[in-house]
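This report refers to the structure that appears directly beneath it.
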Amino acid sequence: MIVTIAAQKGGVSKTSTAAAITQALTYKGKSALLIDLDAQRSASLIYGAEEDETGGTYSLIMGTAQAEDLIQETPAGSIIPGSKDLEGLDVELSAKPGRDFFLKGAIEPIKERFDCIVCDTPPGKGTALVQALTAADIAIIPLLCDPQALQGLHQVTKTIEEVKKYCNPSLQIAAVVLTQYDKRAILTRQYEDLIKEQCREMGLPFAETKIRRGIALQEAQASRESLYSYNAKCNPAADYMAFCEEIGLLKPGKEKRKNG
């Protein structure tokens, strides 16, 4: 299973979601790999992964290194780290035929090694996002309950539909999931129902599980540790685990937990 976390707006916990899902699967005994496709390297930093001479995901996409040789094992989990060279990817690949399929071909040799490969993508609509969606089986859309949520939802779903049409007809949206969730906040109360209604009108699956705020998430990232080895019982860890169960990445546990 290849999962792409997609959001063209920044600041919606895209990287946190990618990392936490990967770590939740690992915690439950699955083999999972995170691929950092963002030139800002946020996922690589919270994993403690080095940008070494291999070139990370830039070399992966450009075909100058093999996926197997780029995997780094860290206390936070397995990752192919990002590279600052990704900043120029759109220009470098603009005239390359078949560029949307480069990542898909590059990770083909390691697909059978992992139960799940999760792609963290940069904000905006660039070739890294398109390639990640082209390679993916499912996409997950994280959103905040804020005034920009509906605009961001329309932007990314338009991109996903374009990728489905031209590159990956089998791509499915697994869920729209609310992150940094605080039911006490006024904005949450104002926008949650609007987002849910918009998803219904657009035929998009809206996750019952919401990812609550929690300082343990930031603390685990700062310590470059898996959220689940740091504090598997904190709200964000419990929520990401429940979310993985809800969308079928994990089998549901015996007990149902109230959320939101």
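The values are calculated or read from the model by the stated rules, or taken from the named source; none is laboratory data. Remember, predicted model here, so these are calculated numbers, not experimental data. When we count neighbours, we look across all protein chains shown, and the Cβ atoms used for this are built from the backbone with ideal geometry, even at glycine. Ligands, DNA and RNA are stripped out before the accessible areas are found, and what is left, the full protein with its side chains, is counted by its heavy atoms. Shrake-Rupley method; radii C 1.70, N 1.55, O 1.52, S 1.80 Å.
Of all residues in the stretch 205-234, those that are farther than 19 Å from ILE46 by Cα and open to solvent by 30 Å² or more (accessible area, probe 1.4 Å) total 5. Among residues of the stretch 121-150 being open to solvent by less than 10 Å² (accessible area, probe 1.4 Å) and part of a loop (DSSP other than H, G, I, E, B), the one that is farthest from ILE35 (Cα to Cα) is ALA136.
For the stretch 165-198, a residue qualifies if it is open to solvent by 30 Å² or more (accessible area, probe 1.4 Å), within 18 Å of the chain's Cα centre (by Cα) and over 25 Å from ASN235 (Cα atoms), and exactly one does: GLN172. The single condition from (1) within 19 Å of ILE5 (Cα to Cα); (2) touching a residue at least 40 places away in the same chain (Cβ under 8 Å) that GLY126 fails is (2).
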